[in-house]
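Notes for the one structure printed next.
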Amino acid sequence: MSRILIVEDEDRIATFVDKGLRAAGYATERASRGDEALELARSIEFDLVLLDVGLPVMDGFAVLRALRGSGNRVPVIMLTAHSSLDDTVRGLDGGADDYIPKPFRFDELLARVRVRMRDAQPEPAASTTLAYGGVSLDLRSRRAQVDGTGVVELSAREFALAEEFLRHPDQVLSREQLLSRIWGYDYDPGSNIVDVYVRYLRAKLGAGRIETVRGMGYRLVG
Ligand code: CA
């Protein structure tokens, strides 16, 4: 299992990223301070570090410098507070592999994480397809199939939602869970976007596959 270190001092964001990455099958550790992150990176071998720039005392750039200075080549994705060109250039010059401007959506983050993981080591073939009750998703080609028939075209957001359901088959997923995992922590919790996208998915995958569980959320059924 790939191991990811999340370095983020804002608890809300750290929790959001942590939960999402665990649900996507990664092992995670968290650090809220730079020195703590370096300590962890010294004792545990990580496959990837998500590194916030704005950390108290020792900022993300200093952590990155210290990591690289000690010869640690772990892939690093910087989380920049704004899409400031300055931050980006400094990060990439300092040896970061990629950066994600805040605010970001979870699916954007996951896509970047997957790219880095693929660069570092090929994923085992078994983990590239998710299937349940006649629906299958190919995570590599980003294609869906229903009942072994032709390919069903899904938009990026529809695919992310379908993936979330297939990773938790037969479980009730609340609107809030789906909203935060797929649309991000900055999305308006009163939005009905989840319901809208569930409708799109039902139209494409079959109306009976996603059940409405009154007052609770939605469930993928077999
Ligand atoms: Ca921060």
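The values are calculated or read from the model by the stated rules, or taken from the named source; none is laboratory data. Owing to the predicted nature of the structure, the values given are computational and were not obtained by experimental measurement. Note that each Cβ is placed from the backbone with ideal geometry, even for glycine, and that neighbours are counted across all protein chains shown.
Looking at the structure I just gave you, is R73 among the basic types (K, R) and closer than 30 Å to T128 by Cβ? Against the criterion (among the basic types (K, R) and closer than 30 Å to T128 by Cβ), R73 qualifies. Can you say whether A37 is within 12 Å of the ligand (Cβ to nearest atom) and either touching a residue at least 40 places away in the same chain (Cβ under 8 Å) or under 21 Å from the mean Cα position of the chain (by Cα) (or both), as far as the supplied structure shows? No; evaluated as a whole, the condition is false for this residue. Among the residues of region 140-164, just one is part of a loop (DSSP other than H, G, I, E, B) and buried (at least 16 other Cβ atoms within 10 Å of the Cβ), namely L154. Using the structure shown, decide if V53 is at positive phi and either at pLDDT 95 or above or within 13 Å of the ligand (Cβ to nearest atom) (or both). Here the answer is no, as V53 does not meet what is asked. The number of residues in region 86-112 that are modelled with pLDDT of 85 or more, among the charged types (D, E, K, R) and part of a helix (DSSP H, G or I) comes to 3.
Here R65 clears all of (1) away from the ligand (no atom under 16 Å from the Cβ); (2) under 22 Å from the mean Cα position of the chain (by Cα); (3) of a type in the set (K, R) except the condition numbered (2). Check off (1) out of contact with any strand residue (DSSP E or B) (no Cβ under 9 Å at 6 or more places or on another chain); (2) within 16 Å of D87 (Cβ to Cβ); (3) among the charged types (D, E, K, R) for D35 and give me the number that stays unchecked. So the condition that D35 fails would be (2).
Restricting the first residue to region 45-57 and requiring it to be touching a residue at least 40 places away in the same chain (Cβ under 8 Å), which pairs with a second residue that is away from the ligand (no atom under 16 Å from the Cβ) and in a strand (DSSP E or B) meet a Cβ separation below 6 Å and a spacing of at least six or different chains? Cβ pairs passing all conditions: F46/R3; D47/R3; L48/I4. Of everything in region 72-111 that is of a type in the set (A, V, I, L, M) and within 14 Å of the ligand (Cβ to nearest atom), the residue that is farthest from V17 (Cα to Cα) is A81. Mind counting the residues in region 165-196 that are among the small types (G, A, S) and without any contact (Cβ under 8 Å) to a residue 24 or more places away in the chain? Residues meeting the conditions: 2. State yes or no: is G215 more than 29 Å from D18 (Cβ to Cβ) and surrounded by fewer than 12 Cβ atoms within 10 Å (Cβ to Cβ)? For G215, the condition - more than 29 Å from D18 (Cβ to Cβ) and surrounded by fewer than 12 Cβ atoms within 10 Å (Cβ to Cβ) - is not met. If the condition is being among the aliphatic types (A, V, I, L, M), farther than 14 Å from F159 by Cβ and either touching a strand residue (DSSP E or B) at 6+ places or on another chain (Cβ under 9 Å) or surrounded by 12 or more Cβ atoms within 10 Å (Cβ to Cβ) (or both), then region 199-212 contributes only I210. Evaluation of K19 against the conditions (1) farther than 25 Å from W183 by Cβ; (2) more than 13 Å from the ligand (Cβ to nearest atom); (3) surrounded by fewer than 19 Cβ atoms within 10 Å (Cβ to Cβ) shows that the sole unmet condition is (1).
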